[in-house]
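Values in this text are rule-based calculations from the coordinates and carry no lab data. Just so you know, these numbers come straight off a predicted model, no measurement behind them. Here the Cβ positions follow ideal geometry from the backbone for every residue, glycine too, while neighbour counts run over all protein chains shown.
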């Protein structure tokens, strides 16, 4: 993999970096670019090119030209490319992780974990041949055979978020490519470099030029993708308002769309739970990646009399979290992605206090916040949070963990089910009956039982319910194969050469005596 020789992160079209012609932001203006900022320092580390409709048009046209040969490539050939890509990912995971840390801010170890989860989906995609098998019924009618086949859609696109610049794209494109599609990726403009590195590895793995493209940019690029008739399907991960916009705009344009939205993930802790294990889980799932995960635990529902002991155990563990630059091996939690986002998250802490919540640990008082260098906010623990507070109602997407106290299991489950989001949830208990009841009753797409982040393995689909998903199919797994393919059913008759001749004209449907 050779990095592009440029100070601007480019697009990737036709198997190579592409900067295109200057695109003015307004008549007489400069080329449209965005700044890439190191969250640990607040310093601009580079720029990224922003695509306009013409760049998207070029990417689509290139993909349409490349797709037919890739579609007709054998499943074995596609699998070999993905196997080689998998090996290159393993060989270069440290380099990709360093790019992620420099632009997103998460720790190097967390970035490596992100890549590992992406590799899981690549490995799943390497076995897609088994999932592309159709069905065959011989002699469904007299001398008539019926069978089903699955075929690729064509040119498809993925619009992915800043918080997982490697993993979330790899939820999408390995399955899409394995099924025989061409793929256009629009990554977040906040941390764009990982997408270029992945594109280079795919090229090194032998993927034909044009089958995988990257268009950098903002809403202009997104709208061009959603409105382009040559793009047949769009997969999205991001906030709920944008997910709704993508779904409505894409389906209106006749596309197949899966749009994964926001979350407010609850973790219920029953009085019989191992409080130490529950506290470990709450801290790990609440503050990993500075809380910038759609599967972060942001609400702990403590069923009395567990709350006091649990809050104390969480507070004790927060004291041991080292906050600092993501490239420091001693760091447990890095900065937030931008200054604006850090300030927005901090405003919820202030609002919680004004609304009557108790601030047990205040991340605004962390020493790195006082230094003013980088977009830091320490882990924050709120207690006595009520459902009418903004810190409960809104997706904060930061290192803020809220504790809601309830008197019963039923009240706790009602909180989860009444929440507009339904991405992930967890219960901590030693009561198997309560756990089984919970998985049956709770209205959420992904369930953890004594597991804080219930992210499914690659051969099960990822996706939530309610406002956490727009569309019918979840990401990766069998749902991913279904999303990136369309079905056909073939009914065939081949006459016996020794007895040629038809059955005569038959205007009615065949019935039992004529089949």
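Given contacts defined as C-alpha pairs under 8 Å and at least six residues apart, what's the relative contact order of region 51-138, whole-number percent?
31 percent
When DSSP beta bridges are limited to those with both residues in the chain, what percentage is antiparallel, rounded to the nearest 5?
45 percent
If neighbour count is taken as other Cβ atoms inside 10 Å, put 213, 239 in order from fewest to most.
239, 213
Sort 96-109, 329-342 by the packing proxy (mean of other Cβ within 10 Å over each peptide's residues), most packed first.
Top of the packing list down: 96-109, 329-342.
Using Cα-Cα distances under 8 Å and only pairs 6 or more residues apart, what relative contact order does region 265-458 have, in percent?
Reported relative contact order: 28 percent.
Sorted by mean Cβ packing within 10 Å, highest first, what order do the peptides 168-176, 69-77, 301-309, 462-470 take?
The packing order, highest mean first, is 168-176, 462-470, 301-309, 69-77.
I need to check one value: relative contact order of the chain, counting alpha carbon pairs closer than 8 Å and at least 6 residues apart, in percent.
18 percent
Quick one: which of 432-445, 183-196 comes out on top by average Cβ neighbours within 10 Å, and what's the full order, highest first?
So the peptides 432-445, 183-196, ranked by packing, come out 183-196, 432-445.
For the chain, what is the mean residue ellipticity at 222 nm derived from helices alone (per DSSP H run of n ≥ 4: -39500 (n - 2.57); sum divided by total residues; nearest 500 deg cm²/dmol)?
Only helices count here, giving -11500 deg cm²/dmol.
Cα centroids of region 303-320 and region 373-440: how far apart, whole angstrom?
14 Å
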